[in-house]
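J.: Here it is, the structure in full.
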Amino acid sequence: MSQATAEATLPFEEALAAYDPVLGLEVHVELGTNTKMFCGCATAFGAEPNSQVCPVCLGLPGALPVVNEKGVESAIRIGLALNCEIASWCRFARKNYFYPDMPKNFQTSQYDEPIAFNGHLDVELADGSTYRVEIERAHMEEDTGKSLHVGGSTGRIHGATHSLVDYNRAGIPLIEIVTKPMTGAGERAPEIAKAYVATLRDLLKALGVSDVKMEQGSMRCDVNLSLMPKDSTTFGIRSETKNVNSLRSVERAVRYEIGRHAAILSSGGKVTQETRHWHEDTGITTAGREKSDAEDYRYFPEPDLVPVAPSAETVEALRATLPEPPAARRKRLQSAWGYSDLEMRDVVNAALVDLIDETVTAGASPAGARKWWSGEIARRANDAGSDVPTYAASLAVTPAHVVELESLVTGGRLNDAMARQVWDGVLAGEGTPTAVADARGLELVQDTGALQAAVDKVIAANPDVAQKVRDGKVQAAGALIGQVMKEMKGQADAAAARQLILDSLTN
Amino acid sequence: MTNELITASAADLAARLAAREISSAELTQACLDRTAAVDGVVHSYLHVDAEGALAAARAIDERRAARESLPTLAGVPIAVKDVMTTKGLPTTCGSKILEGWIPPYDSTVVTRLKAAGMPILGKTNLDEFAMGSSTEHSAYGPSRNPWDLDRIPGGSGGGSSSVIASFQAPLATGTDTGGSIRQPAAVTGTVGTKPTYGGVSRYGLVALASSLDQAGPCARTVLDTALLHEVMAGHDPMDSTSIDAPVPAVVEAARRADVSGMKIGIIRELTGDGFQAGVQQRFDESVQHLVDAGAEVVEVSCPSFTYALAAYYLILPSEASSNLAKFDAMRYGLRVAPHGIDDPSAEQVMAATRDAGFGDEVKRRIILGTYALSSGYYDAYYGSAQKVRRLIADDFTRAFEAADVLVSPTAPTTAFAFGDKIDDPMAMYLNDIATIPANLAGVPGMSLPSGLAPEDGLPVGFQILAPAMQDQRLYAVGAALEARLLSAWGAPLLHSAPDLTAAGKGA
């Protein structure tokens, strides 16, 4: 349990009535390179502590860094995807400070010469509007090791009896993406923050440069926030909330900090410039390190590395490898699939775009793909606290299953109700749709004699309804179809039954 | 017999080993016997590895007996400056903070020595982390000058200069950040080269100032120096600043010893005032020898050299303050618990260890560098120093348009006495006035003996500087001068050094 106590906050609406939030986001992304940024060590997640280390990433005396070319390429591709300018010449810099999980007691980073700068990312909001996030810079750096504080109650260093350090993470390539201050967001600030991180995550995933798993720390977000009075254009003092590591938390942290700042300011107080810790469980932030302007990292150009100077040709060649931007792709797919805006937004919000794309490519209809991936399985995934793609993968349910299921319907073996039963069986792990249909004995009765007999019986039993149909009220046939299906114990093709009823009554 | 083996040149020993007139084991044993006899007074070594050296010697002898084709210097033993990592052998850098540290890896230079079949006799003394000009800053006590045991053997590489001047080894490695190979060579009557920056890998060389450090060869003759230079040099993918180009033909140049038609530039700012009379006299005579050998003399001016010392003592401490941050008691080396603190924090252990483990000169430079890099001072100090560095490089470029090589005395004086400058850092720093410009510009330099100063009978060094990547010019000029001097003297200079075994008995 957190020992932290919540500070006073002003209700969100009240805060926004008096103040404009200014938002800045710093996102750290671990690159998915096979080796570390400055040595040849492996980067696999979850390996035995200190098993992926060497003299270089342990910072042993005499060891020297060598730049991972793949890391630089990824950085340039990220910069290009964020519409940034790419530096034709830039250097690494040393950021000097002491910490036990940082082997050299300086972090090799970039300072005033980032590899990419001055870009933007357009973010779509729930109401269909677009907000342009200006990108200040994206720069390359290395990750630190990981400290595990043992003996305390919170896992933080406070109260711990000792600490263990795992240097497997030390030297893993990171890209830090920093936005320019976002103004004018108003009450949409929490939504914009979340949407930006989500959009960035999708973009990085599409680039294939990172697995962007926020829960594993391969994508980490710091939220900088300040408030200024409604009539002011001067930024207030900001707080930096560190390691806000889920999309939902990004939104909550922004909302919380707006309320906290507003409470301080409206009571005549002064916000402290400091880093703050985000508490997932209680949804609040607490004070961390105070960040005075006196904090001095004594940056200077890293003399052990030569400058990075990508040629224009290299940059253009990398630009050619960029995938279609996710927003453009969504527009293209929506048009190809014929979805309404509402349908498309639901599909995007449920993270179904890739799955539906694969399913349609495998041969299913767009409508069918959407139907099967957003019905029963979505309910189950939600119950499991997961999303559909992850849940489907855990069940080994694939686009091929949907294609097969749909073909059983279009081929006339199953009707819709039967297909739903088959899908339940597939989700229950009973096998492929065909195997489930076989095992459960689900098959439309193809014998028109039996169906005709059932139709005749139902017409005879419902002369009033039959007369209405004869009089031209075709929609009245629905009641008869339902009874025929009941007669057939569901094993009939409703369309065929309808046709037979109409044939019997109109000829 | 033994006496003759230890005074012979490496080139001569290599020829006799190749002809199987002598074995590496007997040669190595002769060196070790000499160490047993004289190192008690000279104190060149911090660590002698008799067992390892003899095992390596026997292995080479066996390979030679098997008629294997072996590198030129195979079987010739060597001493290694204790700032280069040696797998399985202590590496202290002359500091208490690394006492007992056994590196798990070899520096690239050591890897190359081993690949060349050269037995490693041991690790030589130095000023702590190569900061000094006398070895008085070694945490393990100073080395002594074989010419006068009350005088300094130069620094930081006083262990390597004295080990070859006292005939304990025919060859040694050095590192030169501001003259640490050339000044010790000058005051001990030996030869040493600082190659072009990037010519020899720095991987495994415990960094003092990354942009200035360069490893190089130490020997008693110009040809021996060239032979070792060729072994040490060459591109190393583990060092980003290593030059990816063929090693200059230094051995060939040393053998040809041809200066006819070469233009020798005398640097106006590095002669005359401030140079000891006997030093200047021997310098002038050497220049005349080169003229006699067919060279032409021109005078050049390098006005920015006046600011070299000031720039150097900002750049070096700045880089050193960051390079030495890794010595924090967390992963290796000394760990000291602070007095009177129960359950100290990591930071308190770091502070106590650094206080106990670093000597005064190291602390002085860390403080200087930390200050120079501080925000608000960076531009005035580090920034200005980098501009001066550029101007010095420009001076060299202009001077090399007028001359093929530049020459000066290596140091303003002959070896000074212990204690003379230890309490006056500025006086100590001024000893490197003639050697520092080459490090700032990255150009190669050599020192070789030009005789004994008449007033004190101590060796004088003659410095040759060449454009970057033109290291072979040093050897052409050095070998030509050496040949002239040798015929003038009738015997190598070191033959007139005192008999150390007598001194040892007397002490």
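J.: Of everything in the range A:440-456 that's in a loop (DSSP other than H, G, I, E, B) and either over 13 Å from residue A:490 (Cα atoms) or out of contact with any Asp or Glu (no Cβ under 7 Å at 6 or more places or on another chain) (or both), which residue is least open to solvent (accessible area, probe 1.4 Å)?
T.: Step one: list which residues in the range A:440-456 are in a loop (DSSP other than H, G, I, E, B), which gives A:441-447.
Remaining after also requiring either over 13 Å from residue A:490 (Cα atoms) or out of contact with any Asp or Glu (no Cβ under 7 Å at 6 or more places or on another chain) (or both): A:441-443, A:445-447.
On the way: A:441: 45, A:442: 13, A:443: 93, A:445: 52, A:446: 123, A:447: 88 Å².
Filtering first and then ranking leaves A:442.
J.: Moving on. Take the residues in the range A:124-149 that are of a type in the set (Val, Ile, Thr) and open to solvent by less than 80 Å² (accessible area, probe 1.4 Å); name whichever of them is nearest to residue A:73 (Cα to Cα).
T.: From the range A:124-149, those of a type in the set (Val, Ile, Thr) are A:130, A:133, A:135, A:144; that's our starting set.
Subset that is open to solvent by less than 80 Å² (accessible area, probe 1.4 Å): A:133, A:135, A:144.
Values: A:133: 23, A:135: 19, A:144: 21 Å.
Top of the filtered list is A:135.
J.: From the list B:402, B:411, B:415, pick out the single residue that is open to solvent by 10 Å² or more (accessible area, probe 1.4 Å), of a type in the set (A, V, I, L, M) and either farther than 18 Å from residue B:179 by Cβ or more than 9 Å from chain A (Cβ to nearest Cβ) (or both). Break it down stepwise before answering.
T.: Values: B:411 fails: open to solvent by 10 Å² or more (accessible area, probe 1.4 Å); B:415 fails: open to solvent by 10 Å² or more (accessible area, probe 1.4 Å).
Going through B:402, B:411, B:415 in turn, just one is open to solvent by 10 Å² or more (accessible area, probe 1.4 Å), of a type in the set (A, V, I, L, M) and either farther than 18 Å from residue B:179 by Cβ or more than 9 Å from chain A (Cβ to nearest Cβ) (or both): B:402.
J.: Now, a different point. Could you check how many residues of the range A:64-77 are at the interface with chain B (Cβ under 7 Å from one of its Cβ atoms) and either surrounded by 24 or more Cβ atoms within 10 Å (Cβ to Cβ) or touching a Pro at 6+ places or on another chain (Cβ under 8 Å) (or both)?
T.: Number satisfying all stated conditions: 2.
J.: Might you check whether a residue that is open to solvent by 10 Å² or more (accessible area, probe 1.4 Å), aromatic (Phe, Trp, Tyr) and more than 14 Å from chain A (Cβ to nearest Cβ) occurs anywhere in the range B:103-116?
T.: No, there is no match, as no residue in the range B:103-116 is open to solvent by 10 Å² or more (accessible area, probe 1.4 Å), aromatic (Phe, Trp, Tyr) and more than 14 Å from chain A (Cβ to nearest Cβ).
J.: Please enumerate the residues belonging to the range B:164-179 that are of a type outside the set (Val, Ile, Thr), out of contact with any Phe, Trp or Tyr (no Cβ under 7 Å at 6 or more places or on another chain) and open to solvent by less than 10 Å² (accessible area, probe 1.4 Å).
T.: Within the range B:164-179, B:165, B:166, B:168, B:169, B:170, B:171, B:172, B:174, B:176, B:179 qualify.
J.: Something else now. Quick check on my filter: what residues within the range B:346-372 are under 28 Å from the mean Cα position of the chain (by Cα) and either within 11 Å of chain A (Cβ to nearest Cβ) or modelled with pLDDT under 95 (or both)?
T.: B:354, B:369, B:370, B:372
J.: Condition first: under 26 Å from residue B:89 (Cα atoms), assigned to a helix (DSSP H, G or I) and open to solvent by 30 Å² or more (accessible area, probe 1.4 Å). Now tell me which residues in the range B:1-47 satisfy that.
T.: Residues satisfying the conditions are B:26, B:29, B:33, B:34, B:36, B:37, B:40.
J.: Just give me the residues in the range A:189-219 being of a type in the set (Lys, Arg) and buried (at least 19 other Cβ atoms within 10 Å of the Cβ), in sequence order.
T.: A:194, A:201
Rundown of residues vs (1) in a strand (DSSP E or B); (2) without any contact (Cβ under 8 Å) to a residue 24 or more places away in the chain; (3) more than 30 Å from residue A:128 (Cα to Cα), yes/no style:
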position: A:276; (1), (2), (3): yes, no, yes
position: A:282; (1), (2), (3): no, no, yes
position: A:289; (1), (2), (3): yes, yes, yes
position: A:295; (1), (2), (3): no, yes, yes
position: A:314; (1), (2), (3): no, no, yes
position: A:318; (1), (2), (3): no, no, yes
position: A:322; (1), (2), (3): no, no, no
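J.: So which residues in the range B:183-222 are farther than 24 Å from residue A:60 by Cβ and polar (S, T, N, Q), if there are any at all?
T.: B:183, B:188, B:190, B:193, B:196, B:221
J.: Can you tell me which residue among A:127, A:101, A:122 is over 30 Å from residue A:330 (Cβ atoms) and either in contact (Cβ under 8 Å) with a residue 24 or more places away in the chain or out of contact with any Ser or Thr (no Cβ under 9 Å at 6 or more places or on another chain) (or both)? Break it down stepwise before answering.
T.: Values: A:127 fails: over 30 Å from residue A:330 (Cβ atoms); A:122 fails: over 30 Å from residue A:330 (Cβ atoms).
Going through A:127, A:101, A:122 in turn, just one is over 30 Å from residue A:330 (Cβ atoms) and either in contact (Cβ under 8 Å) with a residue 24 or more places away in the chain or out of contact with any Ser or Thr (no Cβ under 9 Å at 6 or more places or on another chain) (or both): A:101.
J.: With the condition kept exactly as written, say whether any residue in the range B:126-136 is more than 20 Å from residue B:435 (Cβ to Cβ) and open to solvent by less than 10 Å² (accessible area, probe 1.4 Å).
T.: For the range B:126-136, residues more than 20 Å from residue B:435 (Cβ to Cβ) and open to solvent by less than 10 Å² (accessible area, probe 1.4 Å): absent.
J.: Only residues that are within 14 Å of another protein chain (Cβ to nearest Cβ), assigned to a loop (DSSP other than H, G, I, E, B) and hydroxyl-bearing (Ser, Thr, Tyr): list them for the range A:78-113, please. Don't jump to the end; show me each part of the working.
T.: At the first step, the residues of the range A:78-113 found to be within 14 Å of another protein chain (Cβ to nearest Cβ) are A:91-109, A:111-112.
Pick out the ones that are also assigned to a loop (DSSP other than H, G, I, E, B) and you get A:91-92, A:97-105, A:111-112.
Selection gives A:97, A:99, A:111.
J.: Is it the case, given these coordinates, that residue B:85 is in contact with a Leu (Cβ under 9 Å, 6 or more places away or on another chain) and open to solvent by less than 10 Å² (accessible area, probe 1.4 Å)?
T.: Considered against the rule, which asks whether it is in contact with a Leu (Cβ under 9 Å, 6 or more places away or on another chain) and open to solvent by less than 10 Å² (accessible area, probe 1.4 Å), residue B:85 comes out as yes.
J.: How about the range A:28-63: which of its residues are facing chain B (nearest Cβ under 10 Å) and touching an Asp or Glu at 6+ places or on another chain (Cβ under 8 Å)?
T.: A:38
J.: A further question on this structure: Please determine whether any residue of the range A:41-50 is buried (at least 19 other Cβ atoms within 10 Å of the Cβ) and touching a Cys at 6+ places or on another chain (Cβ under 7 Å). Step through it out loud before you land on a result.
T.: Taking the range A:41-50 first, the residues buried (at least 19 other Cβ atoms within 10 Å of the Cβ) are A:41, A:43.
Now drop any that are not touching a Cys at 6+ places or on another chain (Cβ under 7 Å), which leaves A:41.
Looking for residues that are buried (at least 19 other Cβ atoms within 10 Å of the Cβ) and touching a Cys at 6+ places or on another chain (Cβ under 7 Å), one finds at least one in the range A:41-50, hence yes.
J.: To continue, here is another question. Suppose the filter is out of contact with any Pro (no Cβ under 6 Å at 6 or more places or on another chain), free of Cβ contacts under 8 Å to residues at least 24 places away in the same chain and open to solvent by less than 20 Å² (accessible area, probe 1.4 Å); does residue B:428 pass it?
T.: Here the answer is no, as residue B:428 does not meet what is asked.
J.: Taking the range B:254-273, which residues are open to solvent by less than 70 Å² (accessible area, probe 1.4 Å) and touching a Leu at 6+ places or on another chain (Cβ under 9 Å)?
T.: Result: B:254, B:257, B:259, B:262, B:264, B:265, B:266, B:267, B:270.
J.: Next up: Among the residues of the range A:7-26 satisfying the criterion of being in a strand (DSSP E or B) and charged (D, E, K, R), which is nearest to the chain's Cα centre (by Cα)?
T.: Here the answer is A:26.
J.: Answer yes or no: is there a residue in the range A:34-43 that is at positive phi and of a type in the set (S, T, N, Q).
T.: As a first pass, look at the range A:34-43 and keep what is at positive phi: none.
Checked against the condition, which is being at positive phi and of a type in the set (S, T, N, Q), the range A:34-43 yields no hits at all.
J.: Is one or more of the residues making up the range B:334-345 of a type in the set (Val, Ile, Thr) and within 14 Å of chain A (Cβ to nearest Cβ)? Talk me through it step by step, then tell me what you get.
T.: As a first pass, look at the range B:334-345 and keep what is of a type in the set (Val, Ile, Thr): B:336, B:341.
Applying the additional criterion that residues be within 14 Å of chain A (Cβ to nearest Cβ) yields none.
No, that holds for no residue.
The values are calculated or read from the model by the stated rules, or taken from the named source; none is laboratory data. Since the model is a prediction, treat every value here as computed from it, not as a measurement. As a convention, Cβ positions derive from the backbone with ideal geometry for all residues, glycine included, and neighbour counts pool all protein chains shown. For the accessible areas, the whole protein counts, side chains as well, though only heavy atoms, and no ligand, DNA or RNA atoms are used. Shrake-Rupley method; radii C 1.70, N 1.55, O 1.52, S 1.80 Å.
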